[in-house]
């Protein structure tokens with residue numbers, strides 16, 4: 001079956017550890033993808049405004065499932081966004097503020113929001129993932145449509161916090177890990193696969209005609225969705241178990257090599 005869509009995660013997948021990729025090689029590949037009518041989709045937990053900065057030449061020719069599925073753009077046009085009610089967002093904020101040592105970003109349509117008392121190192125870290133990042137004195141004063149929260153903490157503290165938030169925010173938000181110490185709180189059901197499915201329905205394309213490439217817990221649903229699922233060589237063990245195929249690691253152009261295999265009709269894409 002012909003591949004009609006290629007979806008890739010960014011951090012730990014499309015990007016190497018220096019947050020770079022071989023632009024010349026990819027732009028040449030993209031020209032071939034476009035000529036063949038193959039859609040290219042970026043699916044990431046990061047902010048849309050951060051993601052488009054990696055693709056300035058073609059940002060309106062590709063599609064983005066941003067914020068772990070809470071915001072979907074098709075060729076430069078917003079297609080969908082999730083939304084917490086005012087009450088739900090206040091419940092989440094109240095729960096996160098119980099731990100005075102916990103720093104977080106509230107993610108919305110207008111911007112991402114961070115406390116003006118957050119430590120500088122946390123602000124700097126989050127500014128790499130959220131190019132629109134505004135300081136706020138009180139999270140409860142945010143005037144925006146919120147759909148995600150993002151936290152970062154030491155890896156050894158993540159399992160306990162995830163378990164705690166699963167219980168405390170049950171039915172409102174679901175914690176998912178995205179690697180590099182990040183936990184995202186997403187609206188239940190608004191994961192990457194949900195955003196991808198919205199695009200596929202619009203394009204009348206089957207998941208059987210899709211490739212997805214990922215490395216972390218927040219990629220699980222999209223890897224389960226598609227026929228050609230690839231786990232990076234550096235992927236978490238649980239992701240390698242889910243994926244049907246394996247790719248080279250992110251520092252050895254694993255994602256670009258998968259794209260090349262599609263273009264060259266190599267296994268598993270041979271006719």
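Throughout, read-outs are computed from the coordinates displayed, never taken from laboratory work. Just so you know, these numbers come straight off a predicted model, no measurement behind them. Here Cβ is always computed from backbone atoms with ideal geometry, including for glycine, and neighbour counts include all displayed protein chains.
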Next item on the list: Run the quick spin-label model on residue 164 and residue 19: label points 7 Å from Cα toward the beta carbon, then report their separation in nm to one decimal.
Entry: 2.8 nm
Check: Relative to the present Cα-Cα distance, how much length would full extension add between residue 77 and residue 202 at 0.36 nm per residue of separation?
Finding: 43.7 nm
Note to self: How are the alpha carbon pair distances in the range 1-146 distributed across 5 Å bins from zero to the largest one, expressed in percent?
What the structure shows: 2, 9, 17, 20, 18, 13, 10, 6, 4, 2, 0
Check: In bins 10 Å wide, starting from 0, what share of all Cα pairs of the range 203-264 does each bin hold, as a percent?
Finding: 26, 54, 20, 1
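Please give the length that would be gained between residue 85 and residue 238 if that part of the chain were fully extended, namely 0.36 nm times their separation in residues minus their C-alpha to C-alpha distance (nm, one decimal).
Details: separation 153, 0.36 × 153 = 55.08 nm, distance 3.29 nm.
The span from residue 85 to residue 238 would gain 51.8 nm if fully extended.
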Item checked: the range 1-68: radius of gyration and largest Cα-Cα distance (Dmax), Å -> 11.8, 35
Notebook entry, point to check: Going out from 0 in 5 Å bins, what whole percent of all Cα-Cα distances in the range 118-266 drops into each bin?
Noted result: 2, 8, 14, 17, 19, 17, 11, 7, 4, 1, 0
Checklist line | Pairwise Cα inverse-distance average, inverted: Kirkwood Rh of the chain (Å) | finding: 18.8 Å
Margin query: Testing the spin-label approximation: label points 7 Å from Cα along Cα→Cβ at residue 138 and residue 98. State their distance in nm.
Written below: 2.1 nm
Note to self: Using only the alpha-carbon atoms, how far is helix 120-129 inclined from the longest principal axis of the chain? Give it as 0 to 90 degrees, nearest 10.
What the structure shows: 30 degrees
Next item on the list: Order the peptides 184-193, 13-22 from the highest to the lowest mean number of other Cβ atoms within 10 Å of their residues.
Entry: 184-193, 13-22
Notebook entry, point to check: In the calculated pair distance distribution of the range 86-186, what percentage of Cα-Cα distances lie above 19 Å?
Noted result: 37 percent
Check: Which angle from 0 to 90°, rounded to the nearest 10, does the C-alpha axis of helix 158-168 make with the longest principal axis of the chain?
Finding: 70 degrees
Check: Against the longest principal axis of the chain, how steep is helix 192-203, in degrees 0 to 90 to the nearest 10, with axes from Cα atoms?
Finding: 50 degrees
Checklist line | By average C-beta atoms within 10 angstrom, highest first, the peptides 261-270, 139-148, 35-44, 77-86 | finding: 35-44, 139-148, 77-86, 261-270
